[in-house]
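Only one structure is covered here, and it is reproduced in the block below.
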Amino acid sequence: MDTFINFFNAAVLAGTPLLFGTLGEILTEKSGNLNLGVEGMMFMGALSGLVSVFLLEMGIGVHLTPGVAVIVAVSFAFLAGALGAFIYSVLVITFRTQQNVTGLALTLFGIGAGNFLGEHFARRSNAGFLTVSASAKEGFSQIRIPLLSDIPVIGPMLFNYNILVYLGIAAAVTLAVFFKYTRVGLNLRAVGENPASADSAGIPVSKYKYAATCIGGGICGIGGMYIIMVTTSGIWVHNAVQGFGWISVALVIFATWSPSRAVVGSLVFGALTVMRFYLPLGIPMQIYDTLPYIATILVLVFTSIRPNREYNVPANLGLNYFREDR
């Protein structure tokens, strides 16, 4: 039982950055924009979240409590991801550039800028590497919830994580309610399905696309910050995001554009990521690395055999909208 609980905990922790990346891309794609720059935005969020805390502590000399450090890192990571998404939005929505190419360019920019600036700040650090104080790291450590964490089996499995895990779950629930029960959410889905009809109904298509894409990019940025602050313990590691953005794009398909299924999907992908440490099968490591993508292919086959309108890709995904073409 202890081995299973440890495996479940590791799967949740490994899947949380994927959950943020997936939720951000789901929100973006619901507006009809296919942003393949998730990897780049996660790099931008990772760098900004870490550097913002580092500069306040080491540059200005401000002592940050654990709670304030979390707020600062989350805020700057969100803004950095949103900035990358805003650049994408200007090019795609306003100038109607090709979405796939623009997203790939954003990925290359985010990876290059993140790694370059990360190494730059590392050289400026007295320690010789970019990191934050122990007090700041404490804000991203495990939180024990009184009474709930002490429940046998259930407590260690559900109530023994860092604050960002619970933030990711809250974001998934919020988006699920937003898409299904709010007028703005229904309008956004209409924009992604048929922007011409939405425009005819008086819905400001461009504003919805800008808002959804930028907020989605900000959520992706938080996912990148999670990797730096939790996975690498508040230390900048070159190329730290290591493909999590691309897995998030695949996970959107796995989750069939549903925030609630994204929670399950991220847990599954997280489990597949750490399986090698808990279920050694004596197979090459490369086989373990392909398991998440094999799972995605199986989901695609299953959904194509049993078509369901709810599980379909937004009809206008990847297509630029030009009002005069109505």
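Annotations for the structure displayed:
- Region 183-278 - charge dipole about Cα centre, Lys and Arg +1 at Cβ, Asp and Glu -1, debye rounded to 20: 100
- With all protein chains in place and ligands, DNA and RNA left out, the 1.4 Å accessible area ranks VAL274, VAL237 as VAL237, VAL274, largest first.
- Which of GLU138, GLU193 is most accessible, then next, and so on - probe 1.4 Å: GLU138, GLU193
- Structural descriptor for region 1-155: relative contact order 30 percent, calculated from alpha carbon pairs under 8 angstrom and at least 6 residues apart.
- Helical runs assigned H by DSSP (4 residues or longer) give the chain a calculated mean residue ellipticity at 222 nm of -22000 deg cm²/dmol, each run adding -39500 (n - 2.57) before division by the residue total.
- Region 212-247 versus region 148-188: alpha-carbon centroid distance in Å: 19
- Mean separation of Cα pairs under 8 Å and 6 or more residues apart, divided by the residue count, gives region 178-326 a relative contact order of 26 percent.
- Among THR107, THR97, THR256, the largest mean-square fluctuation in a Gaussian network model of the chain (Cα springs under 10 Å) belongs to THR97.
- Apportionment of accessible area to carbon and sulfur, region 70-145, percent (1.4 Å): 70
- Of the chymotrypsin sites (Phe, Trp or Tyr not before Pro) found in region 85-117, the ones in coil according to DSSP and having at most 12 other Cβ atoms within 10 Å of their Cβ are PHE95.
- Note on SER206 and LEU281: with the Förster distance fixed at 41 Å, the Cβ-Cβ geometry gives a FRET efficiency of about 0.20.
- Dipole axis of the chain (+1 Lys, Arg; -1 Asp, Glu on Cβ), positive-most option in ALA255, GLY45, ASN312: ASN312
- For LYS30, a cut-off of 20 angstrom between C-alpha atoms picks up these lysines, skipping any fewer than 8 places away in its own chain: LYS180, LYS207, LYS209.
- Converting phi to 3J(HN,Hα) with the Karplus coefficients 6.51, -1.76 and 1.60 and the offset θ = phi - 60°, region 116-122 yields 5, 5, x, 5, 4, 5, 5 Hz in sequence order, with x at every glycine or proline.
- Average Cα contact separation per residue, region 13-86, under 8 Å, 6 or more apart, as relative contact order %: 35
- Per residue accessible area in Å² of region 1-160, where ligands, DNA and RNA are left out and the probe is 1.4 Å: 43
- Only Lys, Arg, Asp and Glu carry charge here, each on its Cβ (+1 for the first two, -1 for the last two); on that basis the chain has a dipole of about 480 debye about its Cα centre.
- Of the accessible area of region 185-326, computed with a 1.4 Å probe over protein heavy atoms only, carbon and sulfur atoms account for 64 percent.
- Region 172-188 - phi-based ³J(HN,Hα) in whole Hz, Karplus 6.51/-1.76/1.60, Gly and Pro as x: 5, 5, 4, 5, 4, 5, 4, 5, 9, 10, 10, 5, 5, x, 5, 4, 5
- Candidate values [x] 137; [y] 120; [z] 153, label of the one derived for volume of the Cα convex hull per residue in Å³: [z]
- For region 46-61, putting each phi into the Karplus relation 6.51 cos²θ - 1.76 cosθ + 1.60 with θ = phi - 60° gives couplings of 4, 5, 5, x, 6, 5, 4, 5, 4, 5, 5, 7, 8, x, 9, x Hz, in residue order, rounded to whole numbers and with x for Gly and Pro.
The values are calculated or read from the model by the stated rules, or taken from the named source; none is laboratory data. Bear in mind the structure is a predicted one, so any value in this text is a computation, not a measurement. Glycine also receives a Cβ, built like all others from the backbone with ideal geometry; neighbour counts cover every protein chain displayed. Just the protein is used for accessible areas: all its heavy atoms, side chains included, with ligands, DNA and RNA removed. Shrake-Rupley method; radii C 1.70, N 1.55, O 1.52, S 1.80 Å.
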